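Read-outs throughout are calculated quantities, based only on the coordinates presented, and are distinct from any laboratory measurement. The structure presented is a predicted model; accordingly, all values stated were derived computationally and were not measured. We place every Cβ from the backbone using ideal geometry, glycine too, and count neighbours over all the protein chains shown.
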Amino acid sequence: MVEIPKEYKDGFKYFLGTKIDLSKKPLIPRIETEFWVKQAIEEISKKQSHCLDLFSGSGCVGVAVLKNTDSYCDFGELNEDFLEQIEINTNLSAINSLRYSILKTNIFSGISKKYDYILANPPYIAESRIKDVGLDVLAFEPKMALFSGVDGMSVIRIFLNDAKKYLNKKGVIYMEFDPQQKFEIDGLLKNNKYSNWDFSCDQFGLIRFVRIVL
Ligand SMILES: C[S@@+](CC[C@H](N)C(=O)[O-])C[C@H]1O[C@@H](n2cnc3c(N)ncnc32)[C@H](O)[C@@H]1O
């Protein structure tokens, strides 16, 4: 029998030292995400900035930014239950409501501002690789948070095509992805004429995120 994940039983998980409520059952925040968000926060904390946590889920990424910097951070998410989840988490961390907005978005539709930073953990698992996904993940975590078309790239393609319009001059994107997608992402970045980008590994030595400069 597949057991309900401990984090859903407990109802919360810590993300970079911040308590994240999981009562609406968003994706359980992963330590690979914590790894790159820590680096992003080090950069963001140098200067007050306007950030967007797109594909927010629990809101763990944006809440960590708001708790650890003086910056502003909006949240973008499609699932209405998770919009409530983000509000629960900003309240739990006692974040001043003047520092963020929670937006219902379909990728960028619903967003009308430009940002200095866009932090994105999109759904990126290939449907063709469903057999590699843990049974507990499949049974309990939201499919919409996990899968994105046969090759896992459906959301990422649109995101990288459109993101330029939502970045300020010299704006920066941090985006998480599956190691197998590096080659195609590199091609998309060339085609979309971003100025430069660096791929980096997670704590397990797997290529896991990219920092892109407009
Ligand atoms: C991989 S989860 C990331 C959650 C959280 N940011 C984290 O790192 O734990 C992706 C999130 O994107 C949301 N999502 C999926 N498709 C979307 C879309 N087209 N527009 C906006 N959000 C979407 C899902 O509901 C899910 O919450």
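Do the alpha carbons of any pairs in Lys9/Lys131; Lys24/Lys104; Lys9/Lys143 sit beyond 21 Å of each other, and which pairs?
Lys9/Lys131
Would you please put 132-138, 153-159 in order of how densely packed they are, using the mean number of other Cβ atoms within 10 angstrom per residue and starting with the highest?
Top of the packing list down: 153-159, 132-138.
With the Cα gyration tensor of the range 43-103 in hand, give its eigenvalues times 5 under a square root as the equivalent ellipsoid semi-axes, listed largest first in whole angstrom.
19, 12, 9
Mind listing the long-range amide H neighbours of Tyr115? Cut-off is under 5 Å, sequence gap 5 or more, other chains count too, H placed in the peptide plane at 1.01 Å from N.
Excluding prolines and chain starts, which carry no amide H, the hits are Leu167, Asn168.
Straight-line reach from Lys190: which lysines fall under 29 Å, measuring Cα to Cα and dropping same-chain residues less than 8 apart?
Straight-line reach from Lys190, under 29 Å: Lys38, Lys46, Lys47, Lys113, Lys114, Lys164, Lys165, Lys169, Lys170, Lys182.
What number, in percent, do you get for the relative contact order of the chain if the mean sequence gap of Cα pairs under 8 Å and at least 6 apart is divided by its residue count?
19 percent
Over all Cα pairs of the chain, how is the pair count split among 10 Å bins, expressed in % and running from 0 up to the last occupied bin?
8, 36, 40, 14, 1, 0
Ratio of the range 19-129's C-alpha Rg to 2.2 N^0.38 Å, to two decimals?
Relative to the 2.2 N^0.38 Å estimate, the range 19-129 comes out at 1.00.
Find the relative contact order for the range 1-119 and round it to a whole percent, using C-alpha pairs within less than 8 Å whose residues are 6+ positions apart.
26 percent
Relative to the Cα centre, what is the charge dipole magnitude of the range 6-213, using +1 at the beta carbon of each Lys and Arg, -1 at the beta carbon of each Asp and Glu, and rounding to the nearest 20 debye?
With Lys and Arg at +1 and Asp and Glu at -1, about 600 debye.
Roughly speaking, what is the stretch gain from Ala139 to Tyr14, that is 0.36 nm per residue apart minus the C-alpha to C-alpha distance, in nm to one decimal?
Using 0.36 nm per residue and subtracting the Cα-Cα distance, I get 42.8 nm.
Which value at 222 nm does the chain reach when only helices count, each DSSP H run of 4 or more adding -39,500 (n - 2.57), with the total divided by all residues and rounded to the nearest 500 deg cm²/dmol?
Calculated at 222 nm, the ellipticity per residue is -9000 deg cm²/dmol.
Starting from 0.36 nm per residue, how many nanometres of slack lie between Phe199 and Lys114 once their C-alpha separation is accounted for?
Gain on extension, Phe199 to Lys114, equals 28.2 nm.
If packing is taken as the mean number of other Cβ atoms within 10 Å per residue, what is the order of 51-59, 114-122, 19-27, highest first?
Per-residue Cβ counts within 10 Å, averaged per peptide and sorted highest first, yield 51-59, 114-122, 19-27.
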